[in-house]
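Undergrad: This is the structure I have questions about; it appears just below.
Please treat every number below as a calculation from the coordinates, not as lab data. Note that the coordinates shown come from a computational prediction; the quantities given were computed from them, not determined experimentally. Cβ coordinates were reconstructed from backbone atoms using ideal geometry, including for glycine residues, and neighbour counts include every protein chain displayed.
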Amino acid sequence: MNQPNTLTRIEDPAMAEIQPQQAQPTFSATEPAPEGHRTVGKITVDNPKMSARDVNVYYGEKHAIKHVELDIGTNEVIALIGPSGCGKSTFLRTLNRMNDTIDICRVTGNISLDGQDIYDRRLDVVQLRARVGMVFQKPNPFPKSIFDNVAYGPKIHGMTSSRAELEDLVRWSLEKAGLWHEVKDRLEQPGTGLSGGQQQRLCIARAIAVSPEVILMDEPCSALDPIATAKIEELIDELRENYSIVIVTHSMQQAARVSQRTAYFHLGDLIEVGETEQIFTNPEHKLTEGYITGRFG
Amino acid sequence: MNNATSPKGIYAIAPERRLGGAAHTALVQRRKAAEKRFRYYGLGALVVSLMFLVLLFASIIAKGWTAFEQTYLRLDVDFATDVLVPDGDRSEQALSSANYPALVKNAIWAAFPDVTSRGEKRQLQDLVSSGASFELRNIVMNDPSVIGTQRSVWVPATAFVDSLIKGQMDRSLPESERKLSDLQISWVDHLLSNGHIEKRFNTMLFTDGDSRDPELAGIGGAIMGSLYTMLVTLLLSFPIGVAAAIYLEEFAPRNRWTDLIEVNINNLAAVPSIVYGLLGLAVFINFLGLPRSSPLVGGLVLTLMTLPVVIIASRAALTSVPPSIREAALGMGASKMQTITHHVLPLAMPGMLTGAIIGMARALGETAPLLMIGMVAFIVDVPKSLTDPATALPVQIYLWASSPERAFVERTSAAILVLLAFMVLMNALAVVLRKRFERRW
């Protein structure tokens, strides 16, 4: 895997064009891309918020993410797609070091937020997770009141100086998450008593209450009905103005609807990255094409 | 194809074996009967176990309920000055060691002026418990002004009179096989007829310590001993157990050492309790020199015994907290400790409390380890501190159960009832706490 100067090579359009044709015969839906696969498409953006370089993740012996290089732009929604077990969620979790909680998980490579290495030993992981918020697949409000759910983050980070300010922040977050009008009369009621879609929006409100810079969303709509999904998607589109959003999704329509860029993962390899429109209309790589046209996945 | 008539592509099952055929109907009936039998087996097992429980309770209550009453005699006591303060010294010390037994003797002799012979007088004074003189001393010590006056005082009768009144003594037995002579029985009957004998609620049973005289023996000392022991056990085993469980569940890396620790904790939970007693004897008493027979050592030994139970229950409670809650808190930027104290512990608390209380209930009923550390001694005084010699309820039961007197038999059962009541209370507390702390939503 000695690939000096990887970036230059990938950015070289000639290389990107030639490569899939060379490798195509060996690609299959059930086997990883051959050793030394290089991502097709442009992995960099002009104003990156986060960038991952040569990221490898191992679960014990298993090599779950292989040499992934990807930039996450400021105020953009980037969708990570790919078949189950391809490593897109694992990659997402390396971005706010949630993988630290798994004993056997090991991450190598370099991930930076605003140019600062987030795996630096001196970096406070608690602060990182406040800057890089997360919304999970299953809505997971705390078994506390709606108010306390949203107020929890600001409280532990000491972000407000008075109760009034806290109430104001909670209201702002709930409004931002489009939930205020539905819950303003029952802030003291349990967050777990809301419907699935409301719970997920509550989780988003909770995440944005600490003013993160990046929001990671791990299949945020997979447990929701189409109407709730539509609301969340609308919300994601609005949030893009202020945050960078990385969303993992199984729904290609969703990726197409909400994201500006799309990255296709396959068994640990980042196969192709590009403008969402280009990925869905004119994928360069055979595997990407196979996945988005529904031949596997 | 072995059957040309059957339609193509369908296996030719014999008509009586098809669904609804004769053979199939019989099969269904057999299955239904078997399922019914299966249900009755379970019901039968339940009925049998309930019957045993009812039998146990019925026999204990039947034997024990009489102990909650005690026979008292009314004595017209003359607090004679010449007996109590022959030399005029009314100091507290002199009063406390005055000749109260003489007052009791004089009073009971006075009730039967006809009795004159020395032997009969002795039989007469045997009707009154030796506790009577303590009773009189208490009266005088509380109010020395009674000296020189006369007063009616209810004093406990001996256990034999008590048995007679409670109908536990067979009057038809020959006199030599009875604990009370014909003469004594006639006196008791006389006292009964003029209302000088009465059964009252037995407060001594709950307030007094052990005694050689069954009518004076109580479980007050044992209850206090048990309470002190439980206090030590609770204060040590709950925090230590919960802290150990949190470390093992939330912080410890999974490796060979933690596996070893886990296996050993599970093994320790199954170690016979008497082994802990031996350990306590060797370590706490012989090595550390802590006072023998004390609730402190008892509590330490029971802590050792309860810890594995608390740790296992607490770990189970921690594991049952959904990981999504942890992830949510960590994802918000909560530190590990904040995640645990704000979210995990409140959710795990009901399970932890239940485990701790079940462990405590087990420790409350534990006898064997306490025998090893000397809490089986005959201790009359009610313990006043953690280092006073004491006994515990189950040990008191063990001690009384080996006493042959009829009065101790009923007290044994009464003590068992009290112990069972404590157990039920603790388990009820566990249920209440669980309900209270349970996720309110």
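Undergrad: If you line up the Cα atoms of region B:1-81 on their principal axes, what length do they span on each, largest first, in Å?
TA: That gives 124, 19, 13 Å along the principal axes, largest extent first.
Undergrad: Could you list, in their original order, any pairs among A:Lys144/B:Lys435; A:Lys144/A:Lys184; A:Lys42/A:Lys286; A:Lys49/A:Lys286; A:Lys88/A:Lys286 whose Cα atoms are separated by more than 22 Å?
TA: Beyond 22 Å between Cα atoms: A:Lys49/A:Lys286.
Undergrad: Which value in deg cm²/dmol, rounded to the nearest 500, describes the helix-derived mean residue ellipticity at 222 nm for chain B, given -39,500 (n - 2.57) per DSSP H run of n ≥ 4 and division by the residue count?
TA: -18500 deg cm²/dmol
Undergrad: Picking from A:Asn96, A:Val248, A:Gly109, whose Cα lies most toward the positive end of the charge dipole for chain A (charges on Cβ: Lys, Arg +1; Asp, Glu -1)?
TA: My answer, from the dipole projection, is A:Asn96.
Undergrad: Mind putting a number on the dipole of chain B about its Cα centre? Charges go on the C-beta only, +1 for Lys and Arg and -1 for Asp and Glu, and I need it in Debye to the nearest 20.
TA: Its charge dipole is roughly 3160 debye.
Undergrad: Based on alpha-carbon centroids, what's the gap between region B:373-441 and region A:246-297 in Å, whole number please?
TA: 70
Undergrad: Here's something else I'd like to know. Cut-off 10 angstrom, C-alpha nodes, Gaussian network model of chain A. Which of A:Gly268, A:Gly158, A:Gly178 fluctuates the most?
TA: Ranking A:Gly268, A:Gly158, A:Gly178 by mean-square fluctuation puts A:Gly158 first.
Undergrad: Here's a follow-up. Under the definition of partner shielding as Cβ atoms of other protein chains within 10 Å of a residue Cβ, what is the mean value for peptide A:133-144?
TA: Taking all residues of A:133-144 together, the mean is 5.
Undergrad: Charges at C-beta only: +1 for Lys and Arg, -1 for Asp and Glu. How large is the resulting dipole of region B:15-64 about its Cα centre, in Debye rounded to 20?
TA: It comes to approximately 200 debye.
Undergrad: In a shell of Cβ-Cβ distance under 14 Å around B:Val310, excluding B:Val310 itself, what net charge do Lys and Arg (+1) and Asp and Glu (-1) give?
TA: +1
Undergrad: Give the order of B:Thr207, A:Thr94, B:Thr412, B:Thr116 when sorted by the count of other beta carbons within 10 angstrom, beginning with the fewest.
TA: Arranged by neighbour count, lowest to highest, B:Thr207, A:Thr94, B:Thr412, B:Thr116 become B:Thr116, B:Thr207, B:Thr412, A:Thr94.
Undergrad: In region B:47-144, which trypsin sites (Lys or Arg not before Pro) are in a loop and have at most 10 other Cβ atoms within 10 Å, using DSSP for the loop call?
TA: Sites meeting the loop and neighbour criteria: none at all.
Undergrad: Sticking with this structure for a sec: Rule-of-thumb check for chain A: C-alpha Rg over 2.2 N^0.38 Å?
TA: 1.03
Undergrad: Can I ask one more? Amide H neighbours of A:Val135 under 5 Å, counting only residues 5+ apart in sequence or on other chains, H built in-plane at 1.01 Å?
TA: Distant-sequence amide H within range of A:Val135: A:Leu216, A:Met217, A:Asp218.
Undergrad: What whole number of Å gives the distance from the Cα centroid of region B:100-128 to the Cα centroid of region B:44-77?
TA: Taking the Cα centre of each part, region B:44-77 and region B:100-128 sit 35 Å apart.
Undergrad: For chain B, would you read off the P(r) tail past 41 Å as a percentage of all alpha carbon pairs?
TA: That tail contains 44 percent of the Cα-Cα pairs.
Undergrad: Using the alpha-carbon atoms, what tilt in degrees (0 to 90, nearest 10) does helix A:163-176 show relative to the longest principal axis of chain A?
TA: Approximately 50 degrees, to the nearest 10.
Undergrad: Tally Lys/Arg at +1 and Asp/Glu at -1 over every other residue whose Cβ is under 9 Å from the Cβ of B:Ile379; what's the total?
TA: Taking every other residue near B:Ile379 into account, the sum is -3.
Undergrad: Now, a different point. Over what distance in Å are the Cα centres of region B:255-316 and region B:323-353 separated?
TA: 29
Undergrad: Separate question: Considering chain B as a Gaussian network with a 10 Å cut-off on Cα pairs, which listed residue, B:Met141, B:Met230, B:Met204, attains the greatest mean-square fluctuation?
TA: Highest fluctuation of the listed residues: B:Met141.
Undergrad: On to the next question. Just to be sure I follow the definition: excluding the sites themselves, where is the longest run in chain A that has none of the GluC sites (Glu not before Pro) in a DSSP loop with at most 11 other Cβ atoms within 10 Å?
TA: Result for the longest clean stretch: A:62-187.
Undergrad: Indicate, rounded to the nearest 5 percent, the antiparallel portion of the DSSP beta bridges found entirely in the protein assembly as shown.
TA: Counting DSSP beta bridges with both partners in the protein assembly as shown, the antiparallel share is about 65 percent.
Undergrad: As a quick test, which of the pairs B:Lys121/B:Lys199; B:Lys121/B:Lys179; A:Lys176/A:Lys231; A:Lys155/B:Lys336 have an alpha carbon distance above 19 angstrom in this structure?
TA: Pairs exceeding 19 Å: B:Lys121/B:Lys199.
Undergrad: Using the 10 angstrom Cβ neighbour count as an exposure proxy, how do B:His343, B:His196 rank, fewest first?
TA: Final ranking by Cβ density, sparse to dense: B:His196, B:His343.
Undergrad: Using only C-alpha atoms and all pairs of different ones, pull out the Kirkwood radius for region B:220-437 in Å with one decimal.
TA: 18.6
Undergrad: Same structure, new question: Based on the Cα coordinates of region B:145-298, what is the per residue volume of their convex hull in Å³?
TA: Convex hull of Cα atoms, per residue: 251 Å³.
Undergrad: Would you mind ranking B:Leu50, A:Leu128 so that the residue whose beta carbon has the fewest other beta carbons within 10 Å leads the list?
TA: If I rank by nearby Cβ atoms, fewest first, I get B:Leu50, A:Leu128.
Undergrad: While we're here: Can you give the log10 of the normalised intensity I(q)/I(0) at q = 0.16, 0.18, 0.21 Å⁻¹, computed with Debye over equal Cα scatterers of region B:348-413?
TA: Evaluating at q = 0.16, 0.18, 0.21 Å⁻¹ gives log10 I(q)/I(0) of -0.67, -0.78, -0.92.
Undergrad: After finding the eigenvalues of the alpha carbon gyration tensor for the protein assembly as shown, what semi-axes result from the square roots of 5 times each, listed largest first in whole Å?
TA: Three semi-axes, in Å: 81, 35, 24.
Undergrad: Just to be sure I understand: with springs between alpha-carbon atoms less than 10 Å apart, which residue in B:Phe160, B:Phe408, B:Phe112 has the highest mean-square fluctuation in the Gaussian network model of chain B?
TA: B:Phe112
Undergrad: Along the charge dipole of region B:220-437, which of B:Tyr228, B:His343, B:Gly280 sits closest to the positive end, that is, farthest toward it, with unit charges on the beta carbon of Lys, Arg, Asp and Glu (+1, +1, -1, -1)?
TA: Highest projection toward the positive end goes to B:His343.
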